[in-house]
Amino acid sequence: LYFTSTIPQSLLYQLQYEETTQVQLAIVLLIELENIDQSYWKLYLELLPKNDPSQPLFWKDHSELQSPLIVNSIMGSLNYLQSKKDFLEQLLQVTELFPSLTSKKDETSLFDLFVWSFYLVSSRAFQFTIGGTSVHAMVPLADLINHGFPTSDGTMIEVNNNNFGGVEMLTSSTQNMLSDDTELFVEYQSNESTSTAVFLYRYGIVNADYETYTKGDYIILRYGQTSYTVHGNNGSISGLDSSTQSISSSIPQLQEKIQKAIQYLPTSLEDDKKALLIATKAAVADPKTTTTMTTLLIRIRYKQILHKLQNWIASGAPPSLTDKQPVDHSDALYWLDITNY
């Protein structure tokens, strides 16, 4: 299922040339859902989840993440979707597209459905090249497969479109015969380099093993006029500013300030780990409580990095400062200015 010309000509130009392929597909998905009984994709559409408590786009309160940086990224996504309201209201005027909503003059319901539809696209759609054009497409069956870590045992699959207008799902290895009950996995994004924060607000998933960090997992530490990224996977510290100086010259001040910053956090690392044990048991009984478990896993990750940094500095042998590296600040787990502690 991908973008087609089922949109009226009056709106087709705007949708084709002014919106992203994800927005295009989200709106096409909305139209198919509104006319589900006549849709070719009826059986597939009925399988799609109606809600996802793990997806932060649908949370009423994001404060429990205790990370303004991640909250800003989530709100940025919501604000982007809010900017599409005018176009949605234009769609609502086309009565044949949304007859049930149009009869109620229900702009709010249409926007809520659009947020849900956009989430389905951003978390499930594959990106293909069809007719020389890059598009996002929903692929029945393939989008039911869970995210996994790359392995060589044949359980990872790749999803690609072929030259005959279809889709191929190929295992990563032809050397091993898989039993009927073997679970297959697909890599949504690179586990190695994608931040846990991105997996959270794009897919609503967080690796339950909080001791495992990717290269994308880091916090941003601001001290005076200098910013550093502190990486969780190997403890490397990278300068972000041209004014970055050796961190060694600031060890005494940093040690004291980081200690104070940790003390001022709303909850301690130990408290979060204890709460996670309780939340994990609760989530087994009631999946709706997974939000608590997710927020705790995020908090534990960035607090562990702070504690590691404190231990590195206390040892008198902090990691060497690497060259300035460009990073996307929105992908960071945490941002902390310790200047005034």
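If you check Asn146, Asn162 for being touching an Asp or Glu at 6+ places or on another chain (Cβ under 6 Å), at pLDDT below 80 and surrounded by fewer than 17 Cβ atoms within 10 Å (Cβ to Cβ), only one passes: Asn162.
Within the stretch 212-229, being touching a residue at least 40 places away in the same chain (Cβ under 8 Å) and either in a loop (DSSP other than H, G, I, E, B) or hydroxyl-bearing (Ser, Thr, Tyr) (or both) holds for Tyr213, Gly216, Asp217, Tyr218, Tyr223, Gly224, Tyr228, Thr229. Consider the stretch 31-72 and keep the residues that are crowded, with 16+ Cβ neighbours inside 10 Å and in contact with a strand residue (DSSP E or B) (Cβ under 9 Å, 6 or more places away or on another chain). The one that is farthest from Met293 (Cα to Cα) is Leu69. Applying a threshold of 9 Å to beta carbon distances and a minimum spacing of six or more residues, or different chains, the list of pairs starting in the stretch 268-283 at a residue that is outside any helix (DSSP H, G or I) and ending at one that is at pLDDT below 90 reads Ser268/Ile262. Is it fair to say Asp217 is at pLDDT 75 or above, under 27 Å from His62 (Cβ atoms) and of a type in the set (Asp, Glu)? Considered against the rule, which asks whether it is at pLDDT 75 or above, under 27 Å from His62 (Cβ atoms) and of a type in the set (Asp, Glu), Asp217 comes out as yes.
Do we have any residue at all in the stretch 321-334 that's at pLDDT 85 or above and either assigned to a strand (DSSP E or B) or of a type in the set (Lys, Arg) (or both)? Yes, that holds for at least one residue. Please tell me if Thr295 is at pLDDT 85 or above, under 28 Å from the mean Cα position of the chain (by Cα) and either closer than 26 Å to Pro49 by Cβ or surrounded by fewer than 14 Cβ atoms within 10 Å (Cβ to Cβ) (or both). Yes.
The values are calculated or read from the model by the stated rules, or taken from the named source; none is laboratory data. In this text the structure is predicted, and so the values were computed from the model without any measurement. Glycine gets a Cβ as well: all are built from the backbone with ideal geometry, and neighbour counts include every protein chain shown.
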